[in-house]
Amino acid sequence: MSIFNSIAYAVMKSRHSEVERTINNPIEVQNDVFHQLIAAGKNTEWGKKHDYGNIKSWEDYNQKVPINEYDAFIPYIQRMQQGEQNLLWNSPITMFSKSSGTSGRVSKFIPVSHEALKQCHYKGGVDMLIIYCNMYSVSNIFGGYNLALGGSKQSRPSDPYYCGDVSAIIMDHLPRWAEMFRAPKREIALMNEWESKLIRMAETTSAQNIVSLAGVPSWMALLLQRCLEITGKNHIGEVWKKLEVYFHGGVDFLPYKQKFKQLIPNPDMRYVNVYNASEGYFGIQDQHGVSDMLLLLNNGVYYEFIETCELGKEQPKVTQLQDVEIGKNYALLLSTNAGLWRYLIGDTVTFTSKAPYRIQITGRTRNYINVCGEELIEDNANQAIKTACSETNCMVKEYTAAPYLSADNKPVGHEWIIEFEQEPADKELFAELLDKALKASNSDYEAKRYKNLILQKPVINFVPNGTFMKWLKDNNKLGGQHKIPRLKNTREIIDEVFKHANNEL
C-alpha cells in the first residue's frame with residue numbers, strides 16, 4: 001500500500017493548482033457559476049415563473065427572485081417525489097437528503113441532483129484531499145481506510161425516490177476508487193438502528209487499518225468510546241496505530257476538542273474542519289492551527305449573504321461576495337445545482353479573510369438568545385464553555401440554553417442545562433466563570449448584565465450523564481446529522497430536556 005499511497009498522494013498534491021485558480025479568480029468563478037445555474041434553471045417551472053430567460057445580471061436576479069426558506073420549495077419537492085420533473089432543476093431528481101437540522105422539528109427533504117452529487121459533494125471531497133495533501137509534506141492518507149461515520153438510508157421499496165441522510169446518499173453512490181478506501185462495509189455503514197450500528201462498526205473497524213476519520217464529533221466520540229470498550233485498549237492510538245487525521249464537521253468542534261485529545265492523546269494527530277451539509281459542500285480548512293475554512297467557489301453553488309441585523313425585514317439587503325466585510329455576521333443565502341434558489345439555509349458565518357475568501361461558522365439563524373438586545377450566538381457560547389472548562393479542569397459533554405421567565409412570564413435571564421463528561425470540583429465557580437466569559441465574548445451581553453439591571457445572573461442546571469442522549473433517542477434523532485440545539489430563543493427544547501433530566505434523577 002505504501003507505493004500506492006505515494007502515487008495517490010503525489011497526484012492529489014499536483015492538483016492543488018486547480019484550487020489555486022479558483023482562489024486567484026474568485027469573483028470571475030462565482031459569476032460563471034451564476035450564469036450556469038440561470039441557464040440550467042431557465043426552462044424549469046420555477047425558472048419560467050421567475051422569468052429566468054430575462055435574467056442577465058445579479059441585479060436582475062435580485063429583483064426577480066425572492067429570498068426563500070424551505071417552505072417555499074415544499075410543493076415542488078412533493079411533486080418531484082411523485083415523479084414530476086423539470087420543476088426546480090432541469091435534470092431528473094430522484095434523491096432527497098432527509099434533514100431536520102437544529103432549527104426545526106419537522107424533517108426537510110433536500111433535493112440532490114446528479115450534478116450536485118458529482119460536482120459539489122464528491123468534488124468537495126476531492127478538494128478536501130487535495131488541500132490536505134498540500135498542507136502536509138508527509139502523509140499516509142491513502143495507506144489504509146477512512147472510517148466514515150454517516151447516516152442511514154430511509155427509502156421504502158415502494159418509494160419512487162431515494163431518501164436518506166446526505167452522508168448515506170454519498171456513501172451509497174461512491175465512485176469505485178473512493179469505495180476502496182472506506183470502512184466499514186456498506187451494509188453496516190447504512191444500518192438504520194443507531195445503537196446496534198455503533199457496536200457493529202466498532203467491532204468490525206477495530207481490526208482494520210484505519211488512517212482517517214470523518215463524521216460529526218458528538219457521534220464519532222461515542223464510536224471511539226465503543227472501540228475502546230470492545231478492544232480493552234486505553235486510547236485509540238493503541239487500536240489504530242497509523243491514524244493521522246480526523247475530518248470533522250456538522251457542529252462546532254470546540255466543545256469536543258478536549259474529549260478527542262483524551263481519546264486520541266497523540267500530539268501529532270491532525271484535525272481538519274470541513275463544512276458539508278445536505279445542501280452542498282461549502283468549505284475546507286486549508287491552514288494549520290486555525291478552524292476557519294476556505295470557501296469553495298467552483299462547486300455549483302452561488303453564494304449571497306444577508307447581515308443578521310437585516311433578517312426579519314420585509315426587504316433585507318443582500319450582499320454579494322465581493323462586498324462582504326471581515327468580522328460581520330452574515331446569514332448564508334444559496335443557489336445550488338440541485339434547484340434551491342436563494343435559499344436561506346439557516347447557517348450564519350463571518351469572514352476572516354477576503355484574499356482568499358475564508359469563513360467561520362458562527363451559528364444558526366434560529367439558534368440564538370436575544371430577549372433584550374444581548375444577541376448571544378452559538379460562537380459566544382462555545383468560546384465561553386471552553387474558557388470555563390479550562391479554568392475549572394472539567395469537560396462539558398453537551399449543553400443547551402434558553403431564556404428564563406419571571407412569574408409574570410417576562411424574560412429576565414438565561415437558563416442553561418449542562419451535561420458533563422468530567423464535572424468541575426466547584427460548580428458555583430464554573431457558573432461564575434461561564435458568565436464572566438460570556439461577558440468577555442459579547443459586549444451586548446455584558447452591557448445587559450451590568451449590575452443585574454436588565455439581565456439577571458444565568459441559572460445553570462447540571463444534569464446526569466445520558467440526559468441529552470435520552471432526549472435525542474425519544475425524539476428519533478439518534479445518529480446521522482442530528483445535533484443538540486445549543487441556543488434557542490424559546491423554551492421548547494430546554495423544557496423537554498428538563499423532563500428527561502428529572503426522569504434520570
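Quick check on my filter: what residues within segment 361-376 are at pLDDT 90 or above and out of contact with any Leu (no Cβ under 7 Å at 6 or more places or on another chain)?
Scanning segment 361-376 gives Ile361, Thr362.
Results for (1) in the same structural domain as Gln456 (by TED's automatic domain parsing); (2) basic (Lys, Arg); (3) surrounded by fewer than 21 Cβ atoms within 10 Å (Cβ to Cβ); (4) free of Cβ contacts under 8 Å to residues at least 40 places away in the same chain, shown as yes or no for each residue.
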| site | (1), (2), (3), (4) |
| --- | --- |
| Glu378 | yes, no, no, no |
| His414 | yes, no, no, no |
| Phe420 | yes, no, yes, no |
| Glu428 | yes, no, yes, yes |
| Glu432 | yes, no, yes, yes |
| Lys439 | yes, yes, yes, yes |
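Does Asp495 satisfy the condition of being touching a Gly at 6+ places or on another chain (Cβ under 8 Å) and part of a helix (DSSP H, G or I)?
no
When the residues of segment 388-414 are narrowed to those that are among the acidic types (Asp, Glu) and at pLDDT below 95, which ends up nearest to Phe260 (Cα to Cα)?
Glu398
Out of all the residues in segment 327-335, is one or more farther than 16 Å from Glu69 by Cα, within 20 Å of the chain's Cα centre (by Cα) and not in a loop (DSSP other than H, G, I, E, B)?
Within segment 327-335 (the criterion being farther than 16 Å from Glu69 by Cα, within 20 Å of the chain's Cα centre (by Cα) and not in a loop (DSSP other than H, G, I, E, B)), the answer is yes, since at least one residue qualifies.
Test of understanding: among Asn476, Asn502, Asn489, which residue is among the polar types (S, T, N, Q), over 16 Å from Ile377 (Cβ atoms), under 21 Å from the mean Cα position of the chain (by Cα) and outside any strand (DSSP E or B)?
Within the list Asn476, Asn502, Asn489, the selection yields Asn476.
Within segment 171-197, restricting attention to residues that are touching a residue at least 40 places away in the same chain (Cβ under 8 Å) and outside any loop (DSSP other than H, G, I, E, B), which residue is surrounded by the most Cβ atoms within 10 Å (Cβ to Cβ)?
Ala189
Just checking, which of Ile38, Ile7 is in a helix (DSSP H, G or I) and farther than 29 Å from Asn209 by Cβ?
None of the others qualify; the one that does is Ile38.
Counting just the residues of segment 57-75 that are in contact (Cβ under 8 Å) with a residue 12 or more places away in the chain, closer than 18 Å to Ala331 by Cβ and of a type outside the set (Ser, Thr, Tyr), which one comes out surrounded by the most Cβ atoms within 10 Å (Cβ to Cβ)?
The extreme case among them is Phe73.
For Asn192, all conditions in the list (1) under 21 Å from Ile169 (Cβ atoms); (2) touching a helix residue (DSSP H, G or I) at 6+ places or on another chain (Cβ under 9 Å) hold save one; what is the number of the exception?
(2)
Given the residues Ala221, Ala214, which is the only one that is in a helix (DSSP H, G or I), of a type outside the set (Asp, Glu) and buried (at least 16 other Cβ atoms within 10 Å of the Cβ)?
Exactly one residue qualifies, and that residue is Ala221.
Residues to consider are Ala178, Ala207, Ala168; find the one that is of a type in the set (Gly, Ala, Ser), more than 27 Å from Glu115 (Cα to Cα) and in the same structural domain as Leu223 (by TED's automatic domain parsing).
Ala207
Does Gln315 meet the test of being of a type outside the set (A, V, I, L, M, F, W, C) and in contact (Cβ under 8 Å) with a residue 12 or more places away in the chain?
No; evaluated as a whole, the condition is false for this residue.
Please go through segment 336-359 and pick out each residue that is surrounded by 19 or more Cβ atoms within 10 Å (Cβ to Cβ), assigned to a strand (DSSP E or B) and not hydrophobic (A, V, I, L, M, F, W, C).
Listed by number, the residues that qualify are Thr336, Tyr343, Gly346, Asp347, Thr348, Thr350, Tyr357, Arg358.
Please find, within segment 278-335, the residue that is surrounded by the most Cβ atoms within 10 Å (Cβ to Cβ) out of those that are in the same structural domain as Val245 (by TED's automatic domain parsing) and on the phi > 0 side of the Ramachandran plot.
Only one residue fits best here, namely Gly280.
What is the one condition in (1) within 21 Å of Asp127 (Cα to Cα); (2) in contact (Cβ under 8 Å) with a residue 12 or more places away in the chain; (3) surrounded by fewer than 20 Cβ atoms within 10 Å (Cβ to Cβ) that Thr22 does not satisfy?
Going through (1) within 21 Å of Asp127 (Cα to Cα); (2) in contact (Cβ under 8 Å) with a residue 12 or more places away in the chain; (3) surrounded by fewer than 20 Cβ atoms within 10 Å (Cβ to Cβ) one by one, Thr22 breaks only (3).
Go over the candidates Lys397, Lys448 one by one and state the one that is assigned to a strand (DSSP E or B), touching a residue at least 24 places away in the same chain (Cβ under 8 Å), crowded, with 17+ Cβ neighbours inside 10 Å and basic (Lys, Arg).
Step by step, each of Lys397, Lys448 is checked, and only Lys397 is assigned to a strand (DSSP E or B), touching a residue at least 24 places away in the same chain (Cβ under 8 Å), crowded, with 17+ Cβ neighbours inside 10 Å and basic (Lys, Arg).
In segment 134-148, how many are among the hydrophobic types (A, V, I, L, M, F, W, C) and either surrounded by fewer than 20 Cβ atoms within 10 Å (Cβ to Cβ) or part of a loop (DSSP other than H, G, I, E, B) (or both)?
4
Name the residues in segment 76-96 that are assigned to a helix (DSSP H, G or I) and surrounded by 13 or more Cβ atoms within 10 Å (Cβ to Cβ), would you?
Scanning segment 76-96 gives Tyr76, Ile77, Arg79, Met80, Gln81.
Got a number for residues in segment 472-495 being at pLDDT 90 or above and under 10 Å from Thr400 (Cβ atoms)?
Of the residues in that region, 5 qualify.
The values are calculated or read from the model by the stated rules, or taken from the named source; none is laboratory data. The shown structure was predicted, so the numbers you read here are calculated from the model rather than taken from an experiment. All Cβ positions, even for glycine, are placed from backbone atoms using ideal geometry, and neighbour counts span all protein chains on display.
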